[in-house]
1. All but one of (1) under 15 Å from ASN35 (Cα atoms); (2) open to solvent by less than 60 Å² (accessible area, probe 1.4 Å) hold for TRP66; which doesn't?
2. Condition (residue is farther than 24 Å from ASN86 by Cα, at pLDDT 95 or above and among the hydroxyl-bearing types (Ser, Thr, Tyr)) applied to the range 104-120: is it met by at least one residue?
3. Check whether at least one residue in the range 38-53 is open to solvent by 50 Å² or more (accessible area, probe 1.4 Å), of a type in the set (A, V, I, L, M, F, W, C) and closer than 22 Å to ARG205 by Cα, and report yes or no.
4. If you check LEU80 against the conditions, is it assigned to a strand (DSSP E or B), open to solvent by 20 Å² or more (accessible area, probe 1.4 Å), modelled with pLDDT of 95 or more and within 14 Å of GLY33 (Cα to Cα)?
5. Only residues that are open to solvent by less than 30 Å² (accessible area, probe 1.4 Å) and out of contact with any Gly (no Cβ under 9 Å at 6 or more places or on another chain): list them for the range 183-192, please.
6. Tell me the residue from GLY214, GLY204 that is surrounded by 16 or more Cβ atoms within 10 Å (Cβ to Cβ) and farther than 28 Å from SER50 by Cα, please.
Amino acid sequence: MKSKIAAAVALACLSSVALAQSKMGTDAGWYVGGNIGQSRSDMNSSDFNSAVVGVSTSKDDNDTAWKLLLGYNFDQNWALEGFYTNLGEAKAKYSGIQTGEAKLTNDAWGLALKGTIPVHQQWDIYGRLGWTYNRSKLDTSFIPAVVPFPGAVASNGWSADENRSDVLLGVGVEWKPQKNWGIRAEYENYGEFGNKLDSYGKTGRSDVDMWSLGVVVRF
């Protein structure tokens, strides 16, 4: 649901930019920025919930996340941004007749088109639509050994790495106390990470989003 809402708002912002006629905006040029906030990695239940009777699963899917970006403003309405985002860790813990942990680490590289609507001399709203290269790393440990999927050999733990691409959707608001810098508050959905946990080379699936505050400096 969140991703659908973000998509609708982002596309509305992008499609409305062409109609926005305001002299209050940023000039063409480069800028850099950084964000810090909280990520939520929704670990897929069919991949991470234990199917063993007598074992309970608890998940901790929130963590600190941060982002670095480099952007170029074509005019007051359109910009292109390249970014790296570290989305932190998510954990599934198992207790009962079997104990263990599955730790999932996610990060992403990407490129996004940013469409801005100036609404005041110091305030903009914007939407971001882009492409991400999502990377996941899974580390697990179990006592006693577990058979994680049909046909697997029992194991006390394993690691896996996977990469995949998805669509980035984002919306935000920026306050510009000065022309050459601003403060952003934004929401981003990075799509899906990993693949179905049906072999030891797979990390399991997670859907990841992020709320953050950031600062941009223009040159």
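1. Among (1) under 15 Å from ASN35 (Cα atoms); (2) open to solvent by less than 60 Å² (accessible area, probe 1.4 Å), TRP66 violates only (2).
2. yes
3. Looking through the range 38-53, at least one residue is open to solvent by 50 Å² or more (accessible area, probe 1.4 Å), of a type in the set (A, V, I, L, M, F, W, C) and closer than 22 Å to ARG205 by Cα.
4. Values: assigned to a strand (DSSP E or B): yes; open to solvent by 20 Å² or more (accessible area, probe 1.4 Å): yes; modelled with pLDDT of 95 or more: yes; within 14 Å of GLY33 (Cα to Cα): yes.
Yes.
5. Of the residues in the range 183-192, the ones open to solvent by less than 30 Å² (accessible area, probe 1.4 Å) are 184, 186-191.
Listed by number, the list holds a single entry, GLY191.
6. Working: GLY204 fails: farther than 28 Å from SER50 by Cα.
None of the others qualify; the one that does is GLY214.
The values are calculated or read from the model by the stated rules, or taken from the named source; none is laboratory data. Fair warning: this is a prediction, and the values are worked out from it, not measured in the lab. Cβ sites come from the backbone with ideal geometry, for glycine too, and all protein chains shown count toward neighbours. Only protein heavy atoms, including side chains, enter the accessible area calculation; ligands, DNA and RNA are left aside. Shrake-Rupley method; radii C 1.70, N 1.55, O 1.52, S 1.80 Å.
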